[in-house]
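Colleague: I have a structure here, written as structure tokens, and I will follow up with some questions on it.
The values are calculated or read from the model by the stated rules, or taken from the named source; none is laboratory data. Model, not experiment: these values are computed from the prediction. In this analysis, Cβ positions are derived from the backbone assuming ideal geometry, glycine residues included, and neighbour counts consider all displayed protein chains. Accessible surface areas use protein heavy atoms only, side chains included; no ligands, DNA or RNA. Shrake-Rupley method; radii C 1.70, N 1.55, O 1.52, S 1.80 Å.
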Amino acid sequence: MSTSHLPATTDSIAQALETKNPSEAISIYYCILENPSSSPESLRIKEQAITNLSDLLRQENRAEELRSLLTQLRPFFALIPKAKTAKIVRGIIDAVAKIPGTSDLQISLCKEMVQWTRAEKRTFLRQRVEARLAALLMENKEYSEALNLLSGLIKEVRRLDDKLLLVDIDLLESKLHFSLRNLPKAKAALTAARTAANAIYVPPAQQGTIDLQSGILHAEEKDYKTAYSYFFEAFEAFNALEDPRAVFSLKYMLLCKIMVSQADDVAGIISSKAGLQYVGPELDAMKAVADAHAKRSLKLFETALRDFKAQLEEDPIVHRHLSSLYDTLLEQNLCRLIEPFSRVEIAHIADLIELPVDHVEKKLSQMILDKKFAGTLDQGAGCLVIFDDPKTDAIYPATLETISNIGKVVDSLYVRSAKIMA
């Protein structure tokens, strides 16, 4: 960084833009920022220099320099309006976020800025940086710290009635509770976000995020038809904005179709005009799962899980639903295979279904305990013994109903006799 300074003029900015060497351009911007002039024109030029400098540092993946830039600019922040300070700070934090592998740096940067905003009494900026910090902590799986931070922030923002920030925080709280598997609280937070959103204009990206979270929560409750409609709304919003989350909304739409046994619709959605824009591994993974489901083939299902591990296993939402789908498919296949037998070797069933023997044995024992069929495992002989379904005798429920009715009559007679005696 040069110790000399350049005049804060448009010519200096033009000189930096014309330079082919990024390091030289960065040095020019630093020199502009070191100019002691504080005239309105100089301040405007410096703001432009900061924006250009942060973009260049991001392109060069110099995250530490972006962090030190924020510290260096603190005296400059005292000269400009608080709203512009907030815009610059959030812009630099966003620039750091675009550099891969900087989650720890982002967390420490946000913590530093929270301390500075508290000292400077910049409440508006502090609340937004704290919300960003809570989101980063959640991504880092530091759930308890994120929850503690959010609980205090929600009370403060509700008191100030900042609806737009409240929507952000409630939505974040919903995601956090969902990650902790606390579905009732996740739904309550989402309802609060919707209530706040109804009172103001919500940007399309934010509305898409609300719809996406609504779809995820409905899918968790196995209400896949409602979830599909929410994912579709989210997809339309993100698609119009060319937001990268559009492909995930589309992926979850396809998941809902598979879960309601409409796997044949998946190919049609992918080949539609909107779907063709997002053809790639995410959609290929869902198409492979849909094909396996349509053919009721566990082997194809396992092949899809293995070939598209990053898209299926590592996506927690898809993985959770596909696990239950796999179990259902396995049970259906096993029930169909054992139906003709009264006694059959477990190894033979494993050969027919093309799965390991221990895996099949474990699943059969679970199905017997869940009363999916009547039978027992003869582990000494390695056989499954299937019993005929015991026919329930109608006399027992009829007897219980008669006794229950007699009890009601006796109670009624007792009440009447008590009234007569009185």
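Colleague: For the chain, give the percent of accessible area contributed by carbon and sulfur heavy atoms, probe 1.4 Å, rounded to a whole number. Write down the numbers at each step before the final one.
Modeller: On the way: 12430 of 22870 Å².
C and S atoms contribute 54 percent here.
Colleague: With a probe of 1.4 Å, find how much accessible area the range 164-286 has per residue, and write the answer as a whole number in Å².
Modeller: Details: 5360 Å² over 123 residues.
Averaged over the residues of the range 164-286, the accessible area is 44 Å².
Colleague: Among Thr10, Thr85, what's the order by accessible area (1.4 angstrom probe), most exposed first?
Modeller: So the residues, ranked largest to smallest area, are Thr10, Thr85.
Colleague: What does the extension gain come out to for Asp264 and Ala381, with contour length at 0.36 nm per residue minus their alpha carbon separation?
Modeller: Going from the current span to full extension adds 37.9 nm.
Colleague: So for the range 1-94, Kirkwood radius off the Cα pairs, Stokes-Einstein at 25 °C and 0.890 mPa s: how many µm² s⁻¹? Each step should come with its number before you reach the end.
Modeller: Working: Rh = 13.2 Å.
Translational D for this selection: 186 µm²/s.
Colleague: Rounded to the nearest 20 Debye, what is the dipole magnitude of the range 195-292 about its Cα centre when Lys and Arg each give +1 and Asp and Glu each give -1 at the C-beta? Kindly include the intermediate steps, with their values, before the conclusion.
Modeller: Details: 7 positive and 13 negative charges, 8 e Å.
Dipole of the range 195-292, to the nearest 20 debye: 40 debye.
Colleague: Near Ala146, within a Cβ-to-Cβ distance under 12 Å, what is the net charge of the other residues, with Lys and Arg +1 and Asp and Glu -1?
Modeller: -2
Colleague: To continue, here is another question. Which whole-number value in Å² is the accessible area per residue of the range 42-124, probe 1.4 Å?
Modeller: 49
Colleague: While we're looking at this one, here's another question. Spin-label point model (7 Å from Cα, Cβ direction): what's the Lys372 to Thr123 distance in nm?
Modeller: That separation, rounded to one decimal, is 5.8 nm.
Colleague: When you count, for each residue, the other Cβ atoms within 10 Å and take the mean per peptide, how do 177-188, 157-168, 14-25 rank with the highest first?
Modeller: Numbers: 177-188: 15.4, 157-168: 17.5, 14-25: 12.4.
Final packing ranking: 157-168, 177-188, 14-25.
Colleague: Which net charge results for the neighbourhood of Asp162, defined as the other residues with beta-carbon distances under 10 angstrom from its beta-carbon, given Lys and Arg at +1 and Asp and Glu at -1?
Modeller: Values: positive: Arg128, Arg158, Arg159, Lys163; negative: Glu156, Asp161, Asp168.
Net local charge, Asp162 excluded: +1.
Colleague: Which of the three applies to the range 153-235, rounded, prolate or oblate, going by the alpha-carbon gyration tensor with a ≥ b ≥ c and a/c under 1.5 meaning rounded?
Modeller: Judged from the Cα gyration tensor, the range 153-235 comes out oblate (a/c at least 1.5, b/c at or above a/b).
Colleague: Shifting gears a bit: Shape call for the range 277-422 from the C-alpha gyration tensor, a ≥ b ≥ c root eigenvalues: rounded (a/c under 1.5), prolate (a/b greater than b/c) or oblate? Don't skip to the end; give the middle numbers.
Modeller: Numbers: a/c = 4.26, a/b = 1.90, b/c = 2.24.
Oblate, since a/c reaches 1.5 and b/c is not below a/b.
Colleague: Would you work out the relative contact order for the chain, in percent, from Cα pairs under 8 angstrom that are 6 or more residues apart?
Modeller: Averaging sequence separation for qualifying contacts and normalising by length gives 5 percent for the chain.
Colleague: While we're here: With a probe of 1.4 Å, find how much accessible area the range 317-422 has per residue, and write the answer as a whole number in Å².
Modeller: For the range 317-422, the per-residue accessible area is 70 Å².
Colleague: Let me ask something else about it. Going by average Cβ density within 10 Å per residue, which order do the peptides 395-401, 340-346, 105-111, 213-219 take, highest to lowest?
Modeller: Sorting 395-401, 340-346, 105-111, 213-219 by mean packing, highest first, produces 213-219, 105-111, 340-346, 395-401.
Colleague: With charges only on Cβ, +1 for K and R and -1 for D and E, what is the dipole size of the chain about its Cα centre, in debye, rounded to 20?
Modeller: 1580
Colleague: So how far apart, in nm, are the two label points at Thr328 and Ala205 if each is 7 Å from Cα heading toward Cβ?
Modeller: Each label point lies 7 Å from its Cα, and together they span 3.6 nm.
Colleague: Sticking with this one: For the pair Glu139 and Thr226, how long in nm is the line joining their label points, each one 7 Å along Cα→Cβ?
Modeller: The modelled label-to-label distance comes out at 3.1 nm.
Colleague: Could I ask something else about it? Please give me the summed charge of the neighbours of Ala25: other residues whose Cβ is under 11 Å from its Cβ, Lys and Arg +1, Asp and Glu -1.
Modeller: Net of charged neighbours comes to -3.
Colleague: With charges only on Cβ, +1 for K and R and -1 for D and E, what is the dipole size of the range 156-239 about its Cα centre, in debye, rounded to 20?
Modeller: 260
Colleague: Given that just one value was derived from the coordinates, which of [x] 1.03; [y] 1.43; [z] 0.93 is Cα Rg over 2.2 N^0.38 Å?
Modeller: [y]
Colleague: Here's something else I'd like to know. Relative contact order for the range 306-422 using alpha-carbon pairs under 8 Å, separation at least 6, rounded to a whole percent?
Modeller: Computed over the range 306-422, the figure is 17 percent.
Colleague: Then there's this: With the dipole of the chain worked out from charges on the C-beta (+1 for Lys and Arg, -1 for Asp and Glu) around the Cα centre, which of Val279, Ala199, Pro397 lies farthest toward the positive end?
Modeller: Projecting each Cα onto the dipole axis, the largest value belongs to Ala199.
Colleague: State the answer as a single residue: which of Leu73, Thr123, Pro316 lies farthest towards the positive end of the charge dipole of the chain, with beta carbon charges of +1 for Lys and Arg and -1 for Asp and Glu, about the Cα centre.
Modeller: Result: Thr123.
Colleague: Is the shape of the range 68-191 rounded, prolate or oblate, going by the alpha carbon gyration tensor and its root eigenvalues a ≥ b ≥ c, with a/c under 1.5 for rounded and a/b larger than b/c for prolate? Before the final figure, lay out the partial values.
Modeller: Working: a/c = 2.43, a/b = 1.50, b/c = 1.61.
Verdict is oblate for the range 68-191.
Colleague: Taking 0.36 nm per residue of sequence separation and subtracting the Cα-Cα distance, how much length would be gained by fully extending the chain between Val409 and Phe76, in nm to one decimal?
Modeller: Full-extension gain reported as 111.1 nm.
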